[in-house]
Amino acid sequence: AGLPSVIAYAGFETDLTFKSTARAGRTVSFEFSTLPDGAVVTVLSDVSQMVSWTPANSFSGEQYICGTAVYIETARPLVNVSCSPICSPYIRSIPLCFDLNVQPNVPP
């Protein structure tokens, strides 16, 4: 299976939702590695955020928006693990990337 594919149109807002499967009561943040100019991130809940973007004609073609859920673990691990040099307190998801195919908005 490939990346989730979305058709976007220049001049029209596109909304992408990133959601974590973290247990209730945990607050998750998100890291976005490839946000285009003008993209806005909105927190929807403790475990989800939305990226809104209105592409310009100059962005026509394939664009990628990727995000990773990050949970800061405040408790010590329940199992004996060895980390070098120290164990990270962060738990990260596998990145999710959307493949946006931006169509130009040309006059009729």
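The values are calculated or read from the model by the stated rules, or taken from the named source; none is laboratory data. These numbers were taken from a predicted model, which means no experiment stands behind them. As a convention, Cβ positions derive from the backbone with ideal geometry for all residues, glycine included, and neighbour counts pool all protein chains shown. Note: areas computed on protein heavy atoms with side chains; ligands, DNA, RNA excluded. Shrake-Rupley method; radii C 1.70, N 1.55, O 1.52, S 1.80 Å.
Looking at the range 19-69 from every direction and averaging, what is the projected area of its Cα convex hull in nm²?
On the way: hull surface 14.9 nm².
So the Cα hull casts an average projection of 3.7 nm².
If DNA, RNA and ligands are ignored and the probe is 1.4 Å, what is the ranking of Val28, Val41 by accessible area, most exposed first?
Per-residue accessible area, sorted high to low, gives Val41, Val28.
For Asp37, what accessible area in Å² do you get when you roll a 1.4 Å probe over the heavy atoms of the protein chains, rounding to the nearest 10?
130
So for Thr14, Thr42, what's the accessible-area order with a 1.4 Å probe, most first?
Values: Thr14 20, Thr42 55 Å².
Output order, biggest surface exposure first: Thr42, Thr14.
Set the Förster radius R0 to 41 Å, insert the Cβ-Cβ distance between Tyr90 and Thr54 as r into 1/(1 + (r/R0)^6), and round the FRET efficiency to 0.05. Spell out each step's value before the answer.
Numbers: r = 32 Å, r/R0 = 0.78.
That gives a FRET efficiency of 0.80.
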